[in-house]
Amino acid sequence: MAVDDKHISYRIYLVAVFIFLMAIAIVVKLTNIQWVEGDYYRQLAKQRTVRNFVIPANKGNIYSADGSLLATSIPNYEIRFDAKAPKTETFEKYVKPLSDSLATVLDKPSSFFQKELRKARENKNRYYLIARNLSYTEYVKIKGFPLFSLGAFKGGIIVEQETVRKHPIGKIAERTIGYDRIDPETGVEVGKGIEWAFKSYLNGKDGKILKQKIAKGQWKPIRDVNEVDPIDGYDVISTIDVFIQDIAHHALLKQLEDYEADHGCVVVMETETGYIKAISNLGRAEDGSYYETTNYAVAESHEPGSTFKLVDLMAILEDKVADTSTVYDSHGGEIRYYGRAVRDSHKGGYGKVSLARGFELSSNTVMVQAVYENYKNNPSKFVNHINDLGLNKPLGLHFKGEGRPYIPQPGDKHWSGTTLPWMAFGYNVSVTPMQTLTLYNAVANNGVMVKPQFVSEIKEWNKTIKKFDTEIMNPKVCSPETLKKVKAVLANVVKKGTGSKLYSKDFSMAGKTGTAMVNYGNAGREGMYYASSFAGYFPADHPKYSCIVVVHKPNTAKNNYYGADVAGPVFKRIAQKIFTDAPSTNKIKQLDSKIAKQESSYDKYTVEANKKMNQIPNLKGMPGMDAVALLENLGLKVKVSGFGKVKKQSIQAGESINKNTTIVLELS
């Protein structure tokens, strides 16, 4: 019996020791949680109930050169109601006044809102939807209604905001304006065009707001003020002229539709500055309609065809190996190099003609002979001219996705006996339309090659943050003598050459037609099609604008695919409309008078405001930008909704001015 008692005692001791050790372990763990890991767990609990949410900053606007809005951010607001937040006596006191007020804005009877709000209260709904897609003005108004004016905790108002990007002029130049957004599938930021290239200026800095979790997936702001206020982005002033853009877009669209082409592009550049005044890139959808797709003018590098012959002429004249008067025999319209034929588009050729005339008629046989005979023993000399013109490398535009040119270099593994002659009529090389335009613009600009630019300025309202001045890429692409001869020949292309159908006695144009067989070198010519182009400038004597038009894959059943017939009319229509529809001298005077009146009107506002420095002026009907400048000069903060002229103002005229007060303008 004693032995059994002894064993029982051991067991009791072991159990006691075990319990004691467990107690110590629990105490140690609790101490560790409380003092060592306490901050971590407290933070984890807080994160699960209280969290900072990002408030996206309002993106800056993108404006055209003439002040039209191309892209703007419109804030959209959603208002919900935490029905548990107000006390019973507060809810009963304000439910009818709130319903009456909501009825005036949301176009539903007061009885509807009373019923819904009471139902939400009964169901303890903490996230009842009041309204969505509200403007800033509507949001401010509703926020001030009975009950809601008490704030999030006492009044139960929950406000959600999102920013929507709008293009007021529609789809025109949409691809160049571009976008900057988060891919919903990958979560990666993606974008194109001006929106993407200048996002560091446009996007601003996001703010933060603290929210508390009220239900699964539902959060409401803890207080009415933000933890960090968002900072709005700067405005970008593009070089696009809406008037010219509209002309170019519709001229290209008409031709694409007439020829049932696959896609095409047109670019209009201001000669002296390099500012892109219009750019349209249209591709054909399955239903036959056209819309802005790829930025073909910037991204698509392909064999240019005869527009490349300008390089031939400039090299030959610069090296003085031949002159415009040098005569070449077109050999019945066909010559052969290493067993391969170079043919003229005109059957039978052109007989014996000068180099200048061969260029004007776009004779392949003449231009190839001129290049091959003078550079076959030293092809590097010819290729170096191309390299010096910058055609062997990208332009270095702000946009991502710029197409890469291809210029064969002597000694490359792909260089062969036919490379040099084929380069002479625009094959075995690859350049983008924007590169070709930059070269033609240099000729128009008295030999000064300037870089194409899409943005002229970054602004914060009326304050300039950064200017993008004209960038000279090459101050002298050729000698004055060469330039004079080249200009004369380009003008004759339109007067009496392949572009003679474009000639008009009313205004002068100069340029070069081009017709290329894309994918010509593919085995069996698989996928081969025609690309028709025209590059040039106008007026011919004192160029104001340069322009390139490229139309890919016109329907050959139409029996025409030449540059003069397919691309040329787009060029002519643009030049005609710019000079016939643009303000004449009298119209300019009338416009100046109108502007003067507007300035006088603005001065009147300023004078009146200065007379009543302590009162809000009446801004209705005033241009938005002018109204903003005026109010900021009076020491007020301004928020704008919409675009155009002032339709409504949140602080009425005649009310006292309190410095740093925010006034909201709704523009029409």
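The values are calculated or read from the model by the stated rules, or taken from the named source; none is laboratory data. Only a predicted model underlies this, so the values are computations on that prediction, with no experimental measurement involved. Here the Cβ is made from the backbone with ideal geometry for all residues, glycine too, and neighbour counts use every protein chain on show. Calculation scope for accessible area: heavy atoms of the full protein, side chains included, ligands and nucleic acids excluded. Shrake-Rupley method; radii C 1.70, N 1.55, O 1.52, S 1.80 Å.
Among residues that are closer than 30 Å to A261 by Cα, open to solvent by 60 Å² or more (accessible area, probe 1.4 Å) and at pLDDT 80 or above, F571 is not included. Looking across segment 105-143, the residues that are touching a Ser or Thr at 6+ places or on another chain (Cβ under 9 Å) and either closer than 27 Å to I74 by Cα or open to solvent by less than 50 Å² (accessible area, probe 1.4 Å) (or both) come down to S110, F113, Q114, E116, L117, S135, Y136, T137, V140, K141, I142, K143.
Taking segment 395-512 and the helices (runs of 4 or more DSSP H) fully enclosed by it, the elements with 2 or more residues that are within 18 Å of E272 (Cα to Cα) are at 433-444, 480-496. Any residue in segment 355-365 that is at pLDDT 95 or above, among the β-branched types (V, I, T) and out of contact with any Gly (no Cβ under 8 Å at 6 or more places or on another chain)? No, segment 355-365 contains no residue that is at pLDDT 95 or above, among the β-branched types (V, I, T) and out of contact with any Gly (no Cβ under 8 Å at 6 or more places or on another chain).
A quick yes/no check of all residues on (1) more than 25 Å from N281 (Cβ to Cβ); (2) assigned to a strand (DSSP E or B); (3) aliphatic (A, V, I, L, M):
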| site | (1), (2), (3) |
| --- | --- |
| K108 | yes, no, no |
| L117 | yes, no, yes |
| I130 | yes, yes, yes |
| V140 | yes, no, yes |
| I158 | yes, yes, yes |
| I169 | no, no, yes |
| I209 | yes, yes, yes |
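Within segment 81-91, not a single residue is closer than 22 Å to Q649 by Cα, within 43 Å of the chain's Cα centre (by Cα) and not aromatic (F, W, Y).
Of the residues making up segment 164-185, those that are of a type outside the set (D, E, K, R), surrounded by fewer than 16 Cβ atoms within 10 Å (Cβ to Cβ) and touching a residue at least 12 places away in the same chain (Cβ under 8 Å) are V164, P168.
Residue-wise test of (1) closer than 24 Å to Q245 by Cβ; (2) within 25 Å of the chain's Cα centre (by Cα); (3) open to solvent by less than 20 Å² (accessible area, probe 1.4 Å).
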site	(1), (2), (3)
I279	yes, yes, yes
A299	yes, yes, no
F308	no, no, yes
L313	no, no, yes
A322	no, no, yes
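For N203, the criteria (1) out of contact with any Leu (no Cβ under 7 Å at 6 or more places or on another chain); (2) within 30 Å of V95 (Cα to Cα) hold in every case but one, which is (2).
Only one entry in V321, V311, V298 is part of a loop (DSSP other than H, G, I, E, B), of a type in the set (V, I, T) and modelled with pLDDT of 95 or more, namely V321. Being open to solvent by less than 90 Å² (accessible area, probe 1.4 Å) and either at pLDDT below 70 or in a helix (DSSP H, G or I) (or both) is true for just one of A16, A65. Which residue is that? Of the residues listed, the single one that is open to solvent by less than 90 Å² (accessible area, probe 1.4 Å) and either at pLDDT below 70 or in a helix (DSSP H, G or I) (or both) is A16.
Do you know which of the residues in segment 632-649 that are in contact with a Phe, Trp or Tyr (Cβ under 8 Å, 6 or more places away or on another chain) and either at pLDDT below 75 or hydrophobic (A, V, I, L, M, F, W, C) (or both) is surrounded by the fewest Cβ atoms within 10 Å (Cβ to Cβ)? Per the stated criteria, the residue is E632. Filtering segment 129-180 to residues that are at negative phi, of a type in the set (A, V, I, L, M, F, W, C) and under 34 Å from the mean Cα position of the chain (by Cα) leaves A131, L134, V140, V159, V164, I169, I172, I177.
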